[in-house]
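Reviewing the structure listed below.
Values quoted throughout were computed directly from the atomic coordinates according to the rules given, and no laboratory measurement underlies them. In this text, all values refer to a predicted model and were calculated from it rather than measured experimentally. Note that we place each Cβ from the backbone using ideal geometry, even for glycine, and neighbour counts take in every protein chain shown.
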Amino acid sequence: MANNIAFQPMGKTIKVTATGAANTESQVFTITATSPVNQYYITNDGVNNFVYVWISPTSNFNVALPESSATGSFVVPCPPFSYIVITGPQVSPTANVYAKVIGDSTNSAAYITPGEGL
């Protein structure tokens, strides 16, 4: 359950990197937590570039840059040098979730920490 409190980390932070050219999606990264949670603190360390993140309960999914068309993309944008907290699928010591990123620059990366709070 999402909490209306300061963010409390409840799992290890992972670095999700899309290595290579711009617009290249990353491999799948696994996220686990020390207790059941469903919020994620996402940080973008990119230099003046957005990182687009998707967290999924299954490991077989694709990410793509958002387009101006009505089709869009299943990603959450994270501006450069900033962080966001999103609510997503529940993760726990016995249930993993999976993350991918894509960016509009080379070697785009995001840090993701499971936990609870804003």
Legend entry - In sequence order, calculated HN-Hα J values of region 87-101 (Karplus, 6.51, -1.76, 1.60; Hz; x Gly/Pro): 9, x, x, 6, 10, 7, x, 10, 9, 7, 10, 10, 10, 9, 10
Legend entry - Scaled radius of gyration (Cα, divided by 2.2 N^0.38 Å) that region 43-95 gives: 1.30
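How high is the relative contact order of the chain, in percent, counting Cα pairs under 8 Å that sit 6 or more residues apart?
Values: 347 pairs, mean separation 56.6, N = 118.
In percent, rounded to a whole number, it is 48.
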Legend entry - Protection-proxy order for peptides 89-101, 4-16, each taking the mean of Cβ atoms within 10 Å per residue, highest first: 89-101, 4-16
Inset, instruction - List every residue whose amide H lies under 5 Å from the amide H of Thr24, counting only residues 5 or more places away in sequence or on a different chain, with H placed 1.01 Å from N in the peptide plane. - result: Gly103
Inset, instruction - Taking H placed 1.01 Å from N in the peptide plane, check which residues at least 5 places from Phe7 or on another chain put their amide H under 5 Å from its amide H. - result: Leu118
Legend entry - Vicinal HN-Hα couplings computed from phi for region 110-117 (Karplus, 6.51 cos²θ - 1.76 cosθ + 1.60; Hz; Gly/Pro x): 9, 9, 10, 10, x, x, 9, x
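Roughly what % of DSSP beta bridges within region 8-116 run antiparallel, to the nearest 5? List each step's numbers first, then the result.
Numbers: 33 of 33 bridges.
Percentage antiparallel, nearest 5: 100.
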Inset, instruction - Could you please state, rounded to a whole Å, how far the C-alpha centre of region 12-56 is from the C-alpha centre of region 59-118? - result: 5 Å
